[in-house]
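Derivation of every value follows stated rules applied to the coordinates shown; laboratory data play no part. Just so it is clear, the structure is predicted and the values come from calculations on it, not from any experiment. Note that each Cβ is placed from the backbone with ideal geometry, even for glycine, and that neighbours are counted across all protein chains shown.
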Amino acid sequence: MSHVGEQVEVGHGGSPGVGRFESVVLPHLSAGFTLAMYLTGNKADAEDAVQEAILRAVRYFSTLRDEDARAWFLTIVRRVCFTAYRTDRPQGTDMMSIDAAGPQLVDHRDQPDVAAERMQVQQRVRAAVDQLPPLLRETVVLRELQSCSYAEVAAVTEVPIGTVMSRLSRARARLAVLLNDVVDFGDVA
Amino acid sequence: MKERLDLGRAMREALPAYEASSSLQAWALEEARKFDLQSLPQPEPLSHPLRSRGWRLSHWPIAASLVIAVAAGWGAGVLWPGSRITSVTNATTSELVDAHVRSLLPGHLVDVESSDRHTVKPWFAGKTDIAPTVIDLSDKGFPLLGGRLDYVNGHTAAVLTYRRRGHTINLFIWRTSPDEPGDGSFAVRGYSLLHWSTAGLGLWAVSDAALSELEAFQRAYMQ
C-alpha cells in the first residue's frame with residue numbers, strides 16, 4: 001500500500017546530505033549503461049540513451065513506489081533504447097571489438113596456450129550472444145550478466161515471468177548449438 | 001575434455017559490464033542533485049503556525065515583535081551602509097578579486113590544465129559538492145584554459161579559467177547560500193565582477209577585462 005505522502009517522508013530517511021534521487025537511482029547508472037550498450041551496440045547511442053533515461057527518471061521519479069529502483073531504472077533505459085535507437089545492430093559494431101570489450105579475465109598464471117584458449121572461448125561467447133535476436137539477447141544479458149531475478153527481468157522487459165522463462169530457454173538452446181563444446185548447459189543441450 | 005563453465009560464468013567472463021564514463025556520471029550527478037535540491041521540503045513559512053490549531057492569542061506579541069524586528073533589520077540593510085548584506089557583498093567581491101590576482105601569479109592559474117571539458121569536469125568530481133557545467137567556448141572567443149579549486153569567503157569554489165584576448169577570466173562557482181548578494185555587476189580595485197545565479201549555483205566572473213566582455217562571456221557560457 002502506498003500513500004501520496006510517502007515519497008516525501010521516505011525521501012529523507014537516507015544518509016544525511018545525500019538526496020533521494022542521487023542515492024536511489026544513481027547507483028544503477030552503470031547497470032543502465034551496460035544494458036544500453038547491449039541494446040544499442042555502440043557507446044555513443046548508449047550514452048545518449050542513458051542520458052535520456054536519467055531525464056525521464058527525474059520526471060517520473062514520483063511514480064517509483066516499491067524498493068526495486070534498479071528494475072525501474074533499467075525499464076526506462078530499455079524503453080528509451082527500443083523507442084529511440086535501432087536495436088538490431090549491424091554486425092561488427094565497435095562494442096564487440098577486442099579493445100572495446102574491456103578487461104579480459106585472463107589469469108596470467110595460466111600457461112600461454114591456456115590463456116589463448118580462454119581468450120578464444122570468450123570471443124566465441126561474445127559472438128554467439130551477439131547473434132541472438134534482441135529480445136533473447138536482453139533477457140539473457142539481464143539474467144546471466146546482470147544477475148537479475150526472474151521477477152526483475154520480467155519487470156524490466158515488461159512481460160510475464162513465463163515469457164522470461166521461455167525466452168531464456170530459447171536463448172540457451174541457441175547458444176548451446178554454438179558453444180556446447182566449451183560451455184556447460186546442463187540438460188538443455 | 002576440460003572442465004566447462006556454466007553459461008552465467010562464461011558470459012560474465014566474456015562480456016564486459018560497462019562502466020558509465022566519468023563525464024556521464026558527473027552529468028547524472030549534477031541532474032540528480034539539481035532535482036534533489038528542488039524537491040527538498042521548503043523551510044516552514046513564518047505564517048505556518050497560524051494555520052495550526054495550537055496557536056493562541058498569547059503568541060501575538062511575539063509575532064508582532066518579530067515583524068517589527070524583521071522590518072527594522074530590513075530598513076537597516078537598505079539604509080545603513082555597513083549593514084550585514086552590504087558587508088557580505090564587500091567581503092565576497094574583495095576576496096574574489098584577491099583570489100583572481102593570486103591566480104595570476106606564476107603556477108597558480110589552474111590545477112588541471114586542459115581545454116577538454118571531459119578532462120576538466122570529472123576532475124572536479126569528488127573535490128567539490130557541485131558539478132559545474134564545463135564548456136570550452138573557443139568558438140565564441142573564450143578558450144577554456146582549465147580548472148582549479150579555491151576558497152572564497154567561506155565557500156569552496158570550483159573555478160574555471162578562460163582567456164579573452166590576453167585577459168584572464170576566472171569563473172568562480174559555488175552553491176548559493178541565503179545571504180548571497182543578488183545578481184549584478186561590481187567594480188572593485190579596477191577589476192570587473194559579474195554575478196549571477198542559476199539552478200542553486202552562484203557564479204562570479206572576475207577579470208581585468210571590461211564589464212562588457214564579461215557580459216558577452218556570461219551569454220556565451222549560459223547558452
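Could you work out how far apart the two model spin labels at A:Arg170 and B:Ala220 are, taking each label as a point 7 Å from the Cα in the direction of the beta carbon, and quote it in nm?
Modelled inter-label distance: 5.6 nm.
Label region B:89-222 by shape, choosing from rounded, prolate and oblate, from the square roots a ≥ b ≥ c of the eigenvalues of the Cα gyration tensor; if a/c is under 1.5 it is rounded, and otherwise prolate applies when a/b is larger than b/c, oblate when it is not. Can you show the working numbers first?
Working: a/c = 1.32, a/b = 1.10, b/c = 1.20.
Taking the square roots of the gyration eigenvalues as a ≥ b ≥ c, region B:89-222 is rounded.
Would you calculate the separation in nanometres between label points at B:His118 and A:Ala151, each defined as 7 Å from the Cα along the Cα-to-beta-carbon direction?
For the pair B:His118/A:Ala151, the computed spacing is 4.0 nm.
Between A:Ser62 and A:Ile161, what length comes free when the chain is fully extended (0.36 nm per residue of separation minus the Cα-Cα distance, one decimal in nm)? Show your work: numbers first, answer last.
Values: separation 99, 0.36 × 99 = 35.64 nm, distance 2.59 nm.
Here the answer is 33.1 nm.
Could you list which residues have their amide H under 5 Å from that of B:Ala157, counting only those 5 or more apart in sequence or on another chain, with H placed in the peptide plane?
B:Asp150, B:Tyr151, B:Val152
Taking N as the number of residues in region A:109-179, what value does Rg over Cα atoms divided by 2.2 N^0.38 Å take?
Compared with the compact-globule rule of thumb, region A:109-179 sits at 1.30.
How long is the gain from B:Arg4 to B:Lys140 if the chain were fully straight, where each residue apart is worth 0.36 nm and the alpha carbon distance is subtracted? Can you show the working numbers first?
Values: separation 136, 0.36 × 136 = 48.96 nm, distance 5.95 nm.
Between B:Arg4 and B:Lys140, full extension yields an extra 43.0 nm.
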